[in-house]
Amino acid sequence: MKRLLKWSLLLLVGLIIIALIAVSVYVYGKRVQRSGVGELSGLSAEVTVQYDERGVPHIEAKNEADLYRALGYVHAQDRLFQMEMARRLARGELAEILGPKLVDTDRLFRTLGIRKHAADYAAKLDQNSAPVKALNAYLDGINQFQSSHAAPLEFDLLGIPKRPFTAEDTIAVSGYMAYSFAAAFRTEPVLTQVRDQLGPDYLRIFDLSWYPQGVIKSGPQLSQSDWASLQRIATTSQQALEEFGLPQLEGSNAWVVAGSKTVSGKPLLAGDPHIAYSVPAVWYEAHLKMPGFELYGHHQVLNPFALLGHNSQFGWTLTMFQNDDLDLIAEKVNPKNANQVWIKGQWVDMQNREEIIKVKGSDPVRLQLRSSPHGPIITDAFRDNFRNNPVAMWWAFLETENPVLDAFYELNRANTQPMASQAASKIHAPGLNVLWANTSGDIAWWAAAKLVRRPAEVNPAFILDGSSAEADKPGYYDFADNPHEMNPERGFIVSANQQPLPSVNFSIPGYYNLPERARRLEYLLAKPGIKWDAKNSQTLQLDTRTEYGPQLLRTLLPVLRRQVTDAEGRRLLDQLEKWDGSYQINSVAPVIFSQLLYQISFAAMADELGEVQFKNLLRTRALDMALPRLLADEHSPWWDNRKTPAVESRDDIIRLAWRDSIAHLQNTLGADSKQWTWGRAHTLTHKHPLSQQKPLDKLFNVGPFAAPGGREVPNNLSGPIGPAPWEVTYGPSTRRLIDFANAGKALGINPVGQSGVWFDAHYNDQAASFVAGNYVQQYLDAKDVSAHARSVLVLRGK
């Protein structure tokens, strides 16, 4: 018996060893190759790739085609699964690998028309242009890597088939990114519902400054099924963007300081675009070098041209312009022909097309999609029953020429102000603020977008009436009239998604962020006697304070002082009164304030809006703008709870919100209020697309980390207004600081790591450092690159 047991144990140990060897061999076969020699067809000369201690490739080639082909190869090594997920989301092809639960997401993205637009756009590309040649070389590098190497782990887990990446994929992903910024889907339906179902007294807190009665009253009225479809679109869209760990553009900070205000006497550029967090991180850093060209750039998936970049001569960063480039338009349908809509005094046929969604483990789904002259009928995404009033989407991304490949190819090479201005003029949608500087001492900013003309008195914050002239688009403004600045006398330029001052007299409607973040940055940059360098610029990027919280508390505290009488409550009110509006990890006041803000919003507005639209409102900037006006207006109709027979006052709702806030914090964070610290309640976890399937979250996710910062402060680690605890969903996607006295010493950081390969050393090696507010050098000088090279990969033609 003992002998049998001994042999059984030996057999078990042997099986375990064999399994471990098999797993090791499997994992080894999927490693990232950063040393030795690799083969890459199409190279005309040898390409050298030096990897630094963070896994950033420093690529040196003899010509442009070789440079971009090598970039595609090394980018695919680290991020192939991210590329695959991005193109599948943009093209509406997730259900093919993830099953029926993703059909709604695919329906939505097919209905948006991104897939069709990408095919039409790619067919018109000039194959002899330099940007397209570079794109094709880059895609060839990706495809060569994919065809010659083992698939990533995620491909095996999901059974994803390999297929080549194309220019259509690149254009589709750019469309998905533009859509992720389109706040109109969340904002316009809820504001229209407030106006049409609640009335102008309820609309007043949103401060819609022109044509507040809207434009749809005299035209078709939306049915309950139409509202349900629009709500479902907003909800499905948000879930898709969050669950699949793909970049959702949320905002950004940027500033550029002239040499007159810096220690070095040269311009200083700072930028931290705010994008949803994920694993892997959104940006792929790469240093490209060939004769006549050099750039340290930050690249997004399937794009060979850096969206952020610098070299020893110039650099730039981006923020979201936030202009409204998308209109929802309710169409009037011919009662005798459901395929016709009333446009400019006549019935016009809609265009029809069919698309098929492949579904893993189920039958394909056929979609019948329509487009009016205004754009795709987006309510067709969830056409569960016949609708009298389909809603179309007019979107500048689909309607303009938008030569975005040309724009960023040129911006990657723009060492003079005229060159940068010319490149910025080719960015049509989504709107971007381009902040730029060079070693000659110039600083500049352009609000880059093709701004559409709308008829006078039309407010695009509402759903428009397609049967009238309000939905018309007479043309576009000239780029020269867009907001812009060059070398202003004050010596600096700030862009933080605030509404810009127009350069000429026309309105630029948009979904702008609160002005407090921009005001905070401008206040600090304008302080007399301060000279800026990389060190104090770090402090500015990591600042966690604005006046928004204290501003609201000046209205709230007198009301609460009259109502809160218990000793513990009075102690907590004292903390709020002393609070300076900063979100530090060990502070209790921001926890109380953030919970109270949610409870007031819920108690005042959820009864009127209903669950779905209230949740949509929480994700809009409209709520941030509305809350100060709501609190200041004690007679607002929002204060009455429609679900009770009594008529509640502002004091009643604030008292209820305080009570519910304290109860919620006690239930979630414990009875001892001294333990309600921001770092316990406010955490950052970088989520992988597969983390929705438990327990894969334990394998692939990175975090949680206690996170400083908060909503609409410079260190904008944040998420929607909601109840505690708060998961940080977006924030600085990188932090960059470039002093053009020595651009080779530029500083930056990646929120997670350079690689998207789960077991790779650079999968999460920067995550803890990032949340702690640290920076690393971005090597540009040849001596620094060589000194910090940890491995060298040589790519040779076959």
Calculate one ³J(HN,Hα) per residue across the range 395-400 by plugging θ = phi - 60° into the Karplus curve 6.51 cos²θ - 1.76 cosθ + 1.60, and present them in order as whole Hz with x for glycine and proline. 9, 4, 4, 7, 9, 9
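Return the FRET efficiency for the residue pair ARG790, SER148: r is the Cβ-Cβ distance, R0 is 22 Å, and the value is rounded to the nearest 0.05. Can you show the working numbers first?
Working: r = 24 Å, r/R0 = 1.09.
Given R0 = 22 Å and the Cβ-Cβ separation, E is 0.35.
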Using unit Cβ charges (K, R positive; D, E negative) and no other charged atoms, how large, in debye to the nearest 20, is the dipole of the range 696-796 about its Cα centre? 200 debye
Tell me which residues come under 5 Å, amide H to amide H, from GLY315 once H is placed; ignore anything under 5 positions away on its chain. ALA437
Sequence-distant or interchain residues sharing an amide H contact under 5 Å with HIS274, placed H: which? GLU250, GLY251, SER252, ASN253, SER733
Give the shape of the range 470-569 as rounded, prolate or oblate, defined through the alpha-carbon gyration tensor: a ≥ b ≥ c are the square roots of its eigenvalues, a/c under 1.5 means rounded, and otherwise the shape is prolate if a/b is larger than b/c and oblate if not. oblate
Ordered by residue, what ³J(HN,Hα) values in Hz, to whole numbers, does the range 686-695 give under the Karplus form 6.51 cos²θ - 1.76 cosθ + 1.60, where θ = phi - 60° and Gly and Pro are x? 7, 9, 8, x, 7, 6, 5, 9, 5, x
Pull up all non-local amide H partners of ASN497: gap of 5 or more, or a different chain, and H-to-H distance under 5 Å with H placed in the peptide plane. none
Calculated [θ] (222 nm, deg cm²/dmol) that DSSP helices of n ≥ 4 give over the chain, each run adding -39,500 (n - 2.57): -11500 deg cm²/dmol
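When ranked by the protection proxy of mean other Cβ atoms within 10 Å per residue, highest first, what sequence do the peptides 485-497, 251-263, 343-355 form? Before the final figure, lay out each step's value.
Values: 485-497: 18.8, 251-263: 22.6, 343-355: 13.1.
Put in order of decreasing packing, that is 251-263, 485-497, 343-355.
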Just to check I understand the Karplus step: with θ = phi - 60° and J = 6.51 cos²θ - 1.76 cosθ + 1.60, what whole-Hz values come out for the range 637-651, glycine and proline as x? x, 4, 5, 6, 8, 5, 8, 10, x, 6, 9, 7, 9, 4, 4
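Evaluate the Kirkwood expression for the hydrodynamic radius of the range 105-173, namely the inverse of the mean inverse distance over all pairs of different C-alpha atoms, and round to one decimal in Å.
Taking the inverse mean of 1/r over all distinct Cα pairs, the range 105-173 comes out at 13.8 Å.
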Please report the spacing between the Cα centers of the range 125-162 and the range 28-80 in Å, no decimals. 13 Å
Need the list of lysines near LYS694 for cross-linking: C-alpha distance under 17 angstrom, and skip anything on the same chain fewer than eight residues off. LYS101
Any of LYS133/LYS745; LYS124/LYS450; LYS133/LYS473 with alpha carbons more than 27 Å apart? Name them for me. LYS133/LYS745; LYS133/LYS473
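Taking every pair of Cα atoms in the chain, average 1/r, invert it to obtain the Kirkwood radius, and report Rg/Rh to two decimals.
The Rg/Rh ratio comes out at 0.97.
Can you tell me the order of 681-692, 661-672 when each peptide is scored by its average per-residue count of other Cβ atoms within 10 angstrom, highest first?
681-692, 661-672
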Along principal axes, Cα extents of the range 392-536, largest first, whole Å: 58, 34, 24
Convex hull around the C-alpha positions of the range 514-571: the volume in Å³ per residue is 123 Å³
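Rank by packing, highest mean first: peptides 649-657, 471-479, with packing defined as the count of other Cβ atoms within 10 Å averaged across residues. It would help to have the intermediate numbers written out before the result.
Details: 649-657: 18.8, 471-479: 15.3.
Highest to lowest by the protection proxy: 649-657, 471-479.
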Please figure out what share of the DSSP beta bridges in the chain is antiparallel and state it in percent, rounded to the nearest 5. 85 percent
Which links in LYS62/LYS289; LYS531/LYS783; LYS116/LYS615 stretch past 20 Å when you go from one Cα to the other? LYS531/LYS783; LYS116/LYS615
So how compact is the range 674-726: Cα radius of gyration and Dmax in angstrom? 12.7, 37
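Viscosity 1.002 mPa s, temperature 20 °C: give me the Stokes-Einstein translational D for the range 548-603 in µm²/s, with Rh taken as the Kirkwood radius over C-alpha pairs.
On the way: Rh = 11.6 Å.
After rounding, the answer is 184 µm²/s.
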Sorted largest first, the C-alpha extents of the range 548-718 along its principal axes in whole angstrom are 52, 35, 30
Check cross-link reach from LYS527 to the lysines: straight Cα distance under 25 Å, and skip same-chain residues fewer than eight apart. LYS261, LYS266, LYS535, LYS578
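No lab work stands behind these numbers, since they all come straight from the coordinates. In this text the structure is predicted, and so the values were computed from the model without any measurement. Using ideal geometry, Cβ is built from the backbone for each residue, glycine included, and neighbour counts are taken over all protein chains shown.
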